[in-house]
Each structure stands twice: as C-alpha cells, then as structure tokens.
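Down below is the structure, laid out as structure tokens.
The values are calculated or read from the model by the stated rules, or taken from the named source; none is laboratory data. Here the structure is a predicted model, which means the values were calculated and not measured. Glycine gets a Cβ as well: all are built from the backbone with ideal geometry, and neighbour counts include every protein chain shown. For accessibility, only protein heavy atoms count, side chains too; no ligands or nucleic acids. Shrake-Rupley method; radii C 1.70, N 1.55, O 1.52, S 1.80 Å.
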Amino acid sequence: MTKSLPAIMLFSLLTACQSVPPAQEMPSSLPLVVVSGGLQGELAAEPSFAVANQGNHVWLTDSSAAEKAEARISLLLTQRMIEAGLPITASEQARYLFRFELGSDTLLSDADLQQRWGLNPGYAGSSRYPKGAMVLDLVDSQTGRSVWRGAVQSDVMPASLDPTQREARMARILDQLLGQLKRQFPASGL
C-alpha cells in the first residue's frame, strides 16, 4: 500500500494539471475586455432606440452564415435592449440607432479599432483561440453622428461550441456593452 501511494499522488497531480479541452470550455470562462469610446454627444430628452436595418456587419467568409448571424445578433440585441429597459421603437421612428460589427482580429484589428472608431481595447489575446472584436455604435438618426460607442475584445469562440452556449456568450457581450452605455448616460434615466 505504501509503495503505491507515490504513484497515486503523481497520477493525481498530472490529471489535476490537465487543461480543459476547448469543446468543453464554457463561454463565461473566455475573457471579455470591454472598451468604451466614451461619450461622443448627449442624448435627447425621451430617447428612443432601435437596431439599424443597414450598416451592420458580421465578417465571415460564408456570406449566407454572415447574413444569418447579423439577423440573429439584431434580434438578440433588441431582446437585450428590452431587458435593459431601453425605450425601443421601429427603426424608422427611432432617434438613436445601434449599428454593430463583429469579426476576427484579421478584420477588426487593434489598428482598425483605433483608426475607424478611436477605441483602444488592449486585449493581448491568448494562444488558445484567435482574438476577435464586436463594436457597438449608437448613432443619432437626425444628425448621423455617433453619440456613444463601445467594443468588446475576446477570444473567438471555437466552432465546436454548442449553439446555446454561443448565444449565451453573445448575450453576455451585449449585456456588458448596454450596461456600459447606461453607466455613461446616468442623467438620461436609462
């Protein structure tokens, strides 16, 4: 019995140090870095919000999958806006429109985020998955100018991730962005 104790301890140590396979990694364990571009303007009294019908982009090589992802993100964003208590309306009548872009670091690199949106995320990434970003821009429909923008950088989710986990991950990203928006406009009653 005493001779097998060191072998049991070594086996326990080795199995305890093994990493979790990517397919089993939960979306909440992948880090998120939320960056806000800050206030670009003021919100009008009694603001109304919607997701823009045009100008949203999900950068995927498969255009059909990109269109489906854009539609799904638009729906999920609308649901998250309702849950966050934002006053929403039809896009033609909304004072403020959300526009989003989602892509990998090769399409939404740190330099792109800095040059196009003035954002400095600073997430170094990991060696496990490629880095990606989502930018959410709030545009005044009357002036066409951005009044707020934010971004999330993180590891891109593995393709093997369950669709339910993928949607939970996207909901978490949108919750973080909308929460940042509400914190930056405290006087608006959002």
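For region 141-186, name all the residues that are among the small types (Gly, Ala, Ser) and open to solvent by 40 Å² or more (accessible area, probe 1.4 Å).
The first filter runs over region 141-186 and keeps only residues among the small types (Gly, Ala, Ser), leaving 141, 144, 146, 150-151, 154, 159-160, 168, 171, 179.
Ser141, Gly144, Ala159, Ser160, Ala168, listed by residue number.
Restricting to region 125-166, name every residue that is in a loop (DSSP other than H, G, I, E, B), touching a strand residue (DSSP E or B) at 6+ places or on another chain (Cβ under 8 Å) and of a type outside the set (Ser, Thr, Tyr). Explain how you work it out, then say what you get.
Narrowing region 125-166 to residues in a loop (DSSP other than H, G, I, E, B): 125-130, 141-145, 156-162.
After this cut, where a residue has to be touching a strand residue (DSSP E or B) at 6+ places or on another chain (Cβ under 8 Å) as well, the list is 125-126, 128-130, 141, 145, 156.
Scanning region 125-166 gives Gly125, Arg128, Pro130, Arg145, Val156.
So Ala94 clears everything in (1) part of a loop (DSSP other than H, G, I, E, B); (2) touching a residue at least 24 places away in the same chain (Cβ under 8 Å); (3) surrounded by fewer than 16 Cβ atoms within 10 Å (Cβ to Cβ) except one condition, right? Which one?
Just one mismatch for Ala94, condition (3).
Since Gly41 meets every condition but one in (1) open to solvent by less than 40 Å² (accessible area, probe 1.4 Å); (2) at pLDDT 80 or above, which condition does it not meet?
Unmet condition: (2).
Looking only at region 62-91, which residues are closer than 24 Å to Pro130 by Cα, part of a loop (DSSP other than H, G, I, E, B) and within 18 Å of the chain's Cα centre (by Cα)?
none
Output the residues belonging to region 61-83 that are closer than 16 Å to Gly103 by Cβ and surrounded by fewer than 12 Cβ atoms within 10 Å (Cβ to Cβ).
Those that are closer than 16 Å to Gly103 by Cβ and surrounded by fewer than 12 Cβ atoms within 10 Å (Cβ to Cβ): Thr61, Asp62, Ser63, Ala65.
Would you say Ser109 is over 23 Å from Glu83 (Cβ atoms), of a type in the set (Gly, Ala, Ser), open to solvent by 70 Å² or more (accessible area, probe 1.4 Å) and out of contact with any Cys (no Cβ under 7 Å at 6 or more places or on another chain)? Give the steps one after another, and end with the answer.
Values: over 23 Å from Glu83 (Cβ atoms): yes; of a type in the set (Gly, Ala, Ser): yes; open to solvent by 70 Å² or more (accessible area, probe 1.4 Å): no; out of contact with any Cys (no Cβ under 7 Å at 6 or more places or on another chain): yes.
Judged against the criteria, Ser109 is not a match.
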